[in-house]
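To keep things clear, I will list the structure first and then write my remarks on it.
Only the coordinates and a few stated rules stand behind these numbers; no lab work does. Predicted model, so just to flag it, every value in this text is computed and none were measured. Here the Cβ is made from the backbone with ideal geometry for all residues, glycine too, and neighbour counts use every protein chain on show.
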Amino acid sequence: MSSRARNLTFKLVLLGDGRVGKTSLVLRYVNNVFSEKQETTVQASYLTKRLVIGGVPITLSIWDTAGQERFHALGPIYYRDADGMYLINTTALLVYDITDSDTFLRVRKWVKELQQMASKDIVMVIAANKSDLIRSKKYDIQEAESYATTIGAKLFLTSAKFGTGINDVFLDIAARLLQKKKSSFQGLSPALPRKGIIVVDDEPEREPPPKCCS
Amino acid sequence: MWDWGWVEHGIGSFLRPAAGSSGGGAWILGTGGGSGRWHAGVALGVTAMAGLALAATLVISSRRGSLKSPWSRRKRKHPLTRQQWNDFFSPDGRLRGGGVKFLKKVRSGGIDPSIRDEVWPFLLGVYDMNSSRAERNAIQVQKRKEYEKLRRWCQQHLKLSRDDHKELKEIVEMGNADSACFVEGRDSVCSEEVYCAQESLSIEQGSTEYGTLEQPVKEIFASNLTTVDEDVNSGLTHLDVSEDETESSDSKSSIEEPESMLVSSPAKPNMDCRFAKISSVKGNITKANRTAEDFATWQRIIRLDAIRANAEWIAYSPAQAAIPEVKALQSAGAVSLTDYDDLEPCRIYHAARLVAILEAYALYDPEIGYCQGMSDLLTPILAVVEEDHEAFWCFVGFMKKARHNFRLDEVGIRRQLNIVSKIIKFKDSHLYQHLEKLQAEDCFFVYRMVVVVFRRELIFEQTLCLWEVMWADQAAIRAGYGKSTWGRMRLRAPPTEDLLLYAIAASVLQRRKLIIEMHSSMDEILRECNSMAGQLDVWKLLDDAHDLVVTLHDKIE
């Protein structure tokens, strides 16, 4: 049990509008792959990644969710903890497409929902994705940055295509979760994450089809 | 070893009625025991069937080669061939015996790929089982016109929203002014032909604010009442009317089938009384759940999803894979699809077809509109059916049931997950208790399998097989071939509306050991389910599903 206790598992949920790059971010991070034409996510898929922070091995259980609003009516199963509590040990990674301001509005909507539903100190991180497209046009992330500050979240510029900024996002999340965990240790010893058997570097739930156009 | 697995299963179920409760195959293998001649006979039968199975396997595997799963132990039965298909028809082009034998054949072995495009419209209810060739031709002409009308409407909506996107958006956000835009559109269509205008109006109203819907549509149906007699071509409307009657007599679907009635053939005499029910449903459910999604939103998402649609169909459909670039770009232009970047021509072409049909569908069934996952259901139909208007009506037929998967109020999904859960509970209490312990007995982990009907778990060709077997069950029920018909034909499993759910339960049960021993949370089971992708064998799955149907359908349905 003692080795199990050391293996901390944290849940991470990716939320955001359709086609902002949620799946691409995860697949770039977990498997270091990128597909220009990543298929739509239906419901949610689940991947894990193990990493070590300051000598502490931790496991991120990553839920990649479907973007379309309609799927979110389908029960918050992926951010439900085992004990039925919402987002106690969970982080929300909110993703938007830097070239599409509508997708940022969707992030704000999510934040509102999470704040209502989850505990006050929920860890939230925002990824402004598709930063590779910045070269073609100047996009202003000032507003997004100041918004992030007001909700106590951190904002990262990412490009799943080029793999930039991705590690920073996940490292920051892991570090903040670990910090949170440590501070909660000060109090009554809390229940540790439920499980320790985690496979490193999972396959993505679906490989890009191997076939190509003739 | 594989042939013993096959024999064990096949003979085991064959002997089960005679042998009482000693199911499974272990005792069959032990035929050397005391019961003498009878068992020897069984052993002979076993050997003969194993031989037959092997022979069939060799034929099939040499013919289908790569199409079968490498994990396959069970081999598919013979699919319906062109010759058999042709032989089913009488000289005036009617399916003999109302298609019972045809459905039986499809239920057990699927359809040869070369005739799928001819057969699917029957399975999907585009054509009635009892229709003559002349009637089908007339229906085709009519349905084509209806589809083209829907397309014209899509174009007008698109034009409107493109012309003044921002302004329109503001108007929509303010409330109900979008109906004003639609009225403008309607007028221009009205000038073309009156018949069209009536239908268009019903389409248009269906997609506007529901609060204003009731009165105008009632008027339309009222006016239709007067024109029905002139307009009705009995051959044309027979199919629609009879189908709708079946549905409305089903209390479950009376709530769940509203929109397609609104927008299909206007020649429906008793529509307005049914509509009263529909509008009250809308008032209570749809309006409450309505999100910001509107037709313009759907048009946008459809395009985003179309260009990243799964491309597995390419290997299946060489003709469409070889589409010339000029034609591909033309189709894209016709539906104003632009952001396809460096996509191959065949994928651009496919994306354009997806857009055309999904958009038309969103208009046809505005309660559902468009939801991610619907393109998964359409892609195989596009690969099989080359004409858009035919593909559209096949899709409509598919969606009659599948539309419930995409409802905002989750009712359809919850009902189905509940049935999967029940099947597992009845079949395997040990596994069920394990799921309960993990708070996973709601079977949420099979959600994706339900929503996109196994498309993400099965390889392309196998998806088509599962679907057509499933559709054959539904067609049999639609045609009124109940349990007695199949009993007489010694087919073990009666047709069921929910074959998919039995197949899903079967896929979970196939992994029961792993789930019980290795998985200690819902997350892990869900990952297990996701990892089934490409690992399943559809014929084994169907055999297992049929076994479940045999033993459980009385308890479940």
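Computed quantities for the displayed model
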quantity: Neighbouring partner chain Cβ atoms per residue of B:305-317, average, 10 Å criterion; calculated: 4
quantity: Cα-projected label distance for A:LYS112 with A:GLU143, points at 7 Å along beta-carbon direction, nm; calculated: 1.6 nm
quantity: Two-site FRET efficiency, B:LYS101 against B:ARG144, from Cβ-Cβ distance with R₀ of 30 Å, rounded to 0.05; calculated: 0.50
quantity: Out-of-range pairs (alpha-carbon distance over 22 Å; input A:LYS11/A:LYS130; A:LYS11/A:LYS154; A:LYS22/A:LYS112; A:LYS37/B:LYS143); calculated: A:LYS11/A:LYS130; A:LYS37/B:LYS143
quantity: Mean Cβ count within 10 Å, highest first, over the residues of peptides B:354-361, A:7-14; calculated: B:354-361, A:7-14
quantity: For peptides B:421-427, B:407-413, B:119-125, sequence by mean Cβ density within 10 Å, most packed first; calculated: B:119-125, B:421-427, B:407-413
quantity: Relative packing of peptides B:91-99, A:95-103 - highest average C-beta neighbours within 10 Å first; calculated: A:95-103, B:91-99
quantity: Anisotropy class of region B:294-336 from Cα gyration tensor, a/c 1.5 cut; calculated: oblate
quantity: Residue-averaged beta-carbon neighbours from other chains (10 angstrom radius) around A:28-40; calculated: 3
quantity: Rounded, prolate or oblate (a/c below 1.5 giving rounded, otherwise prolate when a/b exceeds b/c) for region B:363-506 by Cα gyration tensor; calculated: oblate
quantity: Residue-averaged beta-carbon neighbours from other chains (10 angstrom radius) around B:525-534; calculated: 5
